[in-house]
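The structure appears right after this line, and notes come after that.
The values are calculated or read from the model by the stated rules, or taken from the named source; none is laboratory data. Note that the coordinates shown come from a computational prediction; the quantities given were computed from them, not determined experimentally. Quick reminder, even Gly has a Cβ in these numbers, built from the backbone with ideal geometry, and neighbours come from all protein chains shown. The area values use the complete protein model at the heavy-atom level, side chains included, leaving out ligands, DNA and RNA. Shrake-Rupley method; radii C 1.70, N 1.55, O 1.52, S 1.80 Å.
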Amino acid sequence: SLLITSDLHCRTRELLRILRTPEAETADFGILLGDMVTASPGRRIYYDGFLDAMLREWRKPFVITTGNHEFRGCGAGAWFDLFAGRDGSGYFTFSHAGVFFIVLDVAGDYNPALPELEKAYRDRQREWLRTVAASGEFLHADFRVLLSHEALISPELGSHAVFGVIDGILTGPGVIDLMIGGHEHCYCRSTPGQKALHGNSPKLCRYPAWALPFPVVLNDYCAHLELSRQGDVLTVRAFDSTGKNIDSFSVAQAVQNKT
């Protein structure tokens, strides 16, 4: 199982609470899905905001992705100094227990005065995705999970940039099994083929779901998810900011679509 959290905004007490839950105890590793800080005045905020506390409390590896708040402040870009891969990008892939994860970086509050840089970065990411989708590791994975701080829960929530990156590459039937995000500071999920959203935000649940062939789930503010695998089934359990289990759902392996 994996522990997933996001949107903590330097609230180290909430992070420590999550790291002391039974889900954290049994997890193989963690995924920090963006907005772990409120702004980025420099590298030090990442240590003060969550790294020091996490490394003291937890003795397990973790994966970290960008959120939009990592791009705010005079030190915007410090995330890349600490966490980017060798090519300097915030998008990457990894595998664990037969599950292939794709991490997107499409949530930045980019400088509106430099739209050509943002477009070039997303164009490179889209071409990289084409290569990923044609790779043997992707094609032969038991499950494929898409991770993005901003996820495609509803077309009315402004995540069109994410859709623009994956459209025609990962949006076909049987290509992706599950998408996980955060950002909206509430728990919400979609079910393929259903227009209604399920979650703990009445306002958000009034929106129509994005018509996608895979389910999408959003982690709540200062909360966590548990993603586990048992045989041919992935299960997501959602917990609120008090640690209460508020929802769970499963995704079965679509064997006929794996080549």
Q: Answer with one residue from A24, Q125, V106: the one whose Cα lies farthest towards the positive end of the charge dipole of the chain, charges on Cβ with Lys, Arg +1 and Asp, Glu -1.
A: A24
Q. Mind checking which of A209, A97, A107 has the largest fluctuation in a GNM of the chain, springs on alpha carbons under 10 Å?
A. A97
Q.
Give me the mean projected area, in nm² to one decimal, of the convex hull enclosing the Cα positions of the range 46-120.
A. 6.4 nm²
Q: Take the Cα atoms of the chain, build their convex hull, and give its volume per residue in Å³.
A: 121 Å³
Q: With only Lys, Arg, Asp and Glu charged, each at its Cβ (+1 for the first two, -1 for the last two), find how big the charge dipole of the chain is about the Cα centre; round to the nearest 20 debye.
A: 220 debye
**Q.** Rh (Kirkwood; distinct C-alpha pairs) - the range 1-67, Å
**A.** 11.8 Å
Q | Sparsely packed trypsin sites (Lys or Arg not before Pro) within the range 165-249, loop by DSSP, other Cβ within 10 Å at most 11 | A | K203, K244
Q. Where the accessible area of the chain is counted over protein heavy atoms with a 1.4 Å probe, how much of it, in %, is carbon and sulfur?
A. 52 percent
Q: May I have the extent of the alpha carbons of the range 205-259 along their three principal axes, as whole Å values ordered from largest to smallest?
A: 41, 29, 13
Q) Give me the log10 of I(q) over I(0) for the range 70-188 at q = 0.14, 0.16 Å⁻¹, as the Debye formula computes it from C-alpha points; what are the numbers? A) -0.63, -0.83
Q.
Run the helix sum for the chain: -39,500 (n - 2.57) per DSSP H stretch of 4+ residues, divided by residue count, reported at 222 nm to the nearest 500 deg cm²/dmol.
A. -5500 deg cm²/dmol
(Q) If N is the number of residues in the range 150-233, what value comes out of its Cα radius of gyration divided by 2.2 N^0.38 Å? (A) 1.07
Q. Quick one: Cα centre-to-centre distance for the range 46-101 and the range 232-256, in angstrom?
A. 24 Å
Q. Accessible area per residue of the range 1-126 at 1.4 Å probe, in Å²?
A. 45 Å²
